[in-house]
Structure formats: structure tokens, C-alpha cells
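The values are calculated or read from the model by the stated rules, or taken from the named source; none is laboratory data. Everything numeric in this text was worked out from a predicted model, so none of it was measured. So basically every Cβ, Gly included, is an ideal-geometry build from the backbone, and we count neighbours across all protein chains shown.
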Amino acid sequence: MRSHRLSDDLTVLAHAEEIPGLGHLPVNAFVLHAEQPVLVDTGMPAVREEFLDLLWSAVDPADLRWIWLTHPDRDHTGAVMQVLDAAPQARLVTTFMGMGILSIEHPIPPDRVYLLNPGQSLDVGDRTLTAFRPPLFDSPATTGFVDDRTGACLSSDCFGAPMSSAQLALADDVAEVPGSDLLAGQRMWAVVDSPWVTWVDRDRYAACLGEFPGAGSPLILSTHLPPARDRSDELLDVLAAAPDVPPFVGPDQAALEAMLAGLAPEPRAAQEAAVVAPT
Ligand SMILES: [Fe+2]
Ligand SMILES: [Fe+2]
């Protein structure tokens, strides 16, 4: 993991998760240094301690006021309870559905929750964050937001892409990623994360893209893509073509066995190694 200060009012907490066969997926959380500081998502359980170290280097737990949970998938909820415990002023921003899904695993105190639906806004002192449902999503509880002070748009899983290396997954800006790699990664991610996009009504989907509140945004922030400055038109073009991407089919049992066979030593080689191994 690494954290980097993208601007005066934004810190990125970036992790790269290797997924065999897909690549290195960025898994980002963000600290919005608003008058009332906002944490967006809480990292992955597997890197919880590292995440918390980076988080509390970026913001004092006593100052944190909001935890905006874009959706309750586990790659976004890794430290949710630890952050709530450490930051007594912080309230968890989610939807009714998000609160319900979270409660399956976590004892979320209802008085620490702030329910916000798409179309509603949150006043964080020096700016207003207006929630929306992104065009592509993998949870019914998903909300992104637009920051009315900077125009930044936080899109949750939407616009994500696995990268060819961990270094690119942790990049300061998506401009570092070769264009053809980015396009291929985003097309794949669109049908991996939102497989339903291949059977949508095209006209309705196009209308939905036309209503995207982040159109023209100077900064698109995705939880699964390096920060993207001045790329909103290009990113929307990729989404527009997503219904025509061939559906993703993951490796099956035969492929898994082939992968495992490739990793294991040949029986004869293992035998020879045993003979020459020091005792
Ligand atoms: Fe997700
Ligand atoms: Fe995700």
C-alpha cells in the first residue's frame, strides 16, 4: 500500500491486489480534507493494519467526521469497525440497503449511521457532496458523489481496470497507463464487475450515461482505477461500448488444475531434489 496527497484536499490510500489471470487491481480509499474530514471506504481486511497506519497518518481520528461507504463489498469495508471505534465523531454514510448488508457481518450502531440516498446531499462544512448511483455497479447499495467545491467525482467501482503491474495500479494518475492497456482493462472490468451490462436495454443505458453527474468533471476518482484528471469524456466512451464487450467467463476447474500442475514440481524432479537435498 501507499498513500499520496493528490491535492490540498485529497489523499489517496492505494493498494494493489493481484488477481491471477486478470492483473493488478487498484483498491483505493480516499481522505477528503474538507472542513469536516471524510474518509471514503475503509480498505481490504487483508491489509487492515497497514491501511489504518496510512489513514491515521493522513487524518487525526479525533477530527474524522464522516465515513462515506460507497458500498458494503468486503474490499471496501475492511476496517469499518476499527475506524468507527477510533473516531468517535465519525458517522457512517450509507443507504438503508448498505446498513442492512453491513449488519450481516458488523454490529453497526444505528446512531452512528447517516442514511443518504442517490440525489440527496451531505454538508461537510466547506462543501456539499451530492450522492448518485453510478452507471455501472455491483451492489444495490452503491453511491458515489460529486464534490461541489472542486467538481471531483467519486464513482465507486465504476471505471475500474486491472493493471499490468502493481506499480501502475498504485500510480498517481491514470495518464501513466498506456492507452491500449487502459482500454482493455476497463472493458474487462466493466463485464467482470457488472456482468448485467451485456443485456441492458441500449437506449435506456445510453440515457443513463447521459445523466451521469460526473460528465465534464476535472477529476474522476474510482476505487479501482488510479486518479483520472480531465478524462471524463474518454471514460464515458468506454462505458458506452461496454454492452458490446464479450461476457467474461472465469477459469473453470480444468483451468485451475492446469494452473496448479504448472506450479507444482514434476514428480520425478521432486524425487531427484529429495535425493540431493542436504539432510
Ligand atoms: Fe464492488
Ligand atoms: Fe470494489
Taking the range 90-111 and keeping residues outside any loop (DSSP other than H, G, I, E, B) and under 19 Å from Val40 (Cβ atoms) leaves Arg91, Leu92, Val93, Thr94, Met97, Gly98, Met99, Ile101, Leu102
The number of residues in the range 42-64 that are touching a Leu at 6+ places or on another chain (Cβ under 9 Å), outside any helix (DSSP H, G or I) and away from ligand 1 (no atom under 16 Å from the Cβ) is 3
Note on Leu129: of the conditions (1) touching a residue at least 40 places away in the same chain (Cβ under 8 Å); (2) of a type in the set (A, V, I, L, M); (3) assigned to a helix (DSSP H, G or I), unmet is (3)
Condition set modelled with pLDDT of 95 or more and of a type in the set (Val, Ile, Thr), scope the range 6-45, selection farthest from Arg149 (Cα to Cα): answer is Val27
*Test: Val93 is under 19 Å from Thr223 (Cα atoms) and within 16 Å of ligand 2 (Cβ to nearest atom)*: no
Inside the range 198-251, the number of residues satisfying the requirement of being over 24 Å from Thr11 (Cα atoms) and within 16 Å of ligand 2 (Cβ to nearest atom) is 1
Answer yes if at least one residue in the range 71-93 is within 14 Å of ligand 1 (Cβ to nearest atom), buried (at least 20 other Cβ atoms within 10 Å of the Cβ), closer than 20 Å to Arg127 by Cβ and at pLDDT 95 or above, and no otherwise.
no
Flagged in the range 144-169 as out of contact with any helix residue (DSSP H, G or I) (no Cβ under 9 Å at 6 or more places or on another chain), within 16 Å of ligand 2 (Cβ to nearest atom) and farther than 16 Å from Ile220 by Cβ, in numbering order, are Ala169
